[in-house]
Amino acid sequence: MVMEDLPLIDHPQPHDQRIETLIAAFREHFGHDPDGIAEAPGRVNLIGEHVDYNDGLVLPFAVDRSVLCAWVKPDLDQVHDTSAQSLYRQLGEDLSGMVEFWSADLRDMYAIRSMFHDAHLIDQSRHHDWSDYPAGIVWALRNADIPYGGLCVSYAGNVPQGAGLSSSAALEVSIAGAFRDAFTVPITDRDLALLCQRAENEYVGVQCGIMDQFASALSKRDNALLIDCRTFDYKHVPLRLAEHNLAIVIANSAVKRELVTSAYNDRRRECEQAVARLRDLLARPDLASLRDVRASDLDTLNIDPGDIPLRRARHVVTEIGRVAETVDALARDDFTRVGELMVASHLSLKTDYDVSSEQLDLLVGLATAQDYVLGARLTGAGFGGCTVNLVRADRIDDFARDVIAPYRARTNLPAVTYATSPCDGLTVSRL
């Protein structure tokens, strides 16, 4: 299909059809129906970028794109003596596939080879692709001394990969939700999210904060999720978008990025350098994180444009302030101010944090030129991916025409929009 034939707005497949397709694939592969399905959504961050790993405040919400994970605890005659290598190869790059997880207990009882029996096997089995995410969940379960057994899993997702919408967190949370339900693991949604973060930090190797996993596990329909990334406290913040004829539109730049190979980990290291510098500059030896720095503190330093760590700090400190101000604006339904703060956030990410791109700047520029767009900014780690836009609900088709179409013409990239609404986090159903 040529780009001219691609729709400007990507509408997801109806949810019931996705469930039916997944169950049919599961039945074909494993020979019977699954016991249950865990579903975990992706997320978009309304505001609060690159502050979760700095103990800051963030304001994401779950979107109507998710990873579905069907599972069954296998009977003896379903167990195969299969190597970890071939099990991994059943996982698809399109966030769909089949995998069988075996525990040490099953191996001992039934003489089955365990793909997760010891750390050496886990390390040797990493493939640096999507198969590492479900493997990381099992690794985290084992390292947390959480009992579990063998599990046959089929999963399918429609969260765009490499778009900054947390497809990895959705995959992690859905797999973890399946294990929790299958083996009645006594773990809360909050602690499940923390376990998933550990898997991504220590197994996959991305030093992400807690925002993505919390949003996927804990979100509530028609609400954003305010997360204090220092204390892990959270609360739901009503958005009331429909009451004000507003909608969230996500614009996918069609530029993918990989967090492991991007500058994401570099930014985290630069923030740590900034904390060390500011301890001396502000004469505060007890300074633990950028969360403890005030914007007025930085104003006294006259930061040089070439001082990269302090520029990173300025973004983080001002972005935390913008999150708090956004929550206040939402409480009084001041969406004009919310939009202004989104634009200010993008400018800070572009100039102080250096995580925007020519394509993201073009999308934001085209959007903010429209009088029916209240705000626009990049969302996610940056370096590509998506923008999030606050748009009049009756002008979504106009947004696609006025923003996506000219963007495609100027970049020759197959950008697309997703109109979304705040959805529930992790859900699990028995069949």
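The values are calculated or read from the model by the stated rules, or taken from the named source; none is laboratory data. Since the structure is predicted, the reported quantities are computational estimates derived from the model, not experimental observations. Quick reminder, even Gly has a Cβ in these numbers, built from the backbone with ideal geometry, and neighbours come from all protein chains shown.
The listed residues are 376, 367, and the only one of them that is in a helix (DSSP H, G or I), not assigned by TED's automatic domain parsing to the domain that holds residue 43 and not polar (S, T, N, Q) turns out to be 367.
Restricting 375, 385, 339 to residues that are under 18 Å from the mean Cα position of the chain (by Cα) and either crowded, with 21+ Cβ neighbours inside 10 Å or over 30 Å from residue 236 (Cβ atoms) (or both) narrows the list to 385. Going through (1) more than 21 Å from residue 378 (Cα to Cα); (2) over 26 Å from the mean Cα position of the chain (by Cα); (3) at pLDDT 95 or above one by one, residue 301 falls short only on (3). From the list 233, 222, 228, the one residue that fits, being closer than 21 Å to residue 54 by Cα, surrounded by 14 or more Cβ atoms within 10 Å (Cβ to Cβ) and at pLDDT 95 or above, is 228.
Residues in region 379-420 that are among the polar types (S, T, N, Q) and either in a strand (DSSP E or B) or not assigned by TED's automatic domain parsing to the domain that holds residue 255 (or both): 379, 387, 389, 417, 420. The residue of region 142-191 that is modelled with the lowest pLDDT, among those that are within 27 Å of residue 27 (Cα to Cα) and either outside the structural domain of residue 39 (by TED's automatic domain parsing) or among the polar types (S, T, N, Q) (or both), is 161.
Scanning region 155-201 for residues that are in a helix (DSSP H, G or I) and either crowded, with 21+ Cβ neighbours inside 10 Å or out of contact with any helix residue (DSSP H, G or I) (no Cβ under 8 Å at 6 or more places or on another chain) (or both) yields a count of 25. So which residues in region 159-182 are farther than 16 Å from residue 211 by Cβ, out of contact with any Leu (no Cβ under 8 Å at 6 or more places or on another chain) and not aliphatic (A, V, I, L, M), if there are any at all? Hits for region 159-182 are 160, 162, 181. Which one is farthest from the chain's Cα centre (by Cα) among residues in region 254-274 that are at pLDDT 95 or above and crowded, with 18+ Cβ neighbours inside 10 Å? Here the answer is 274.
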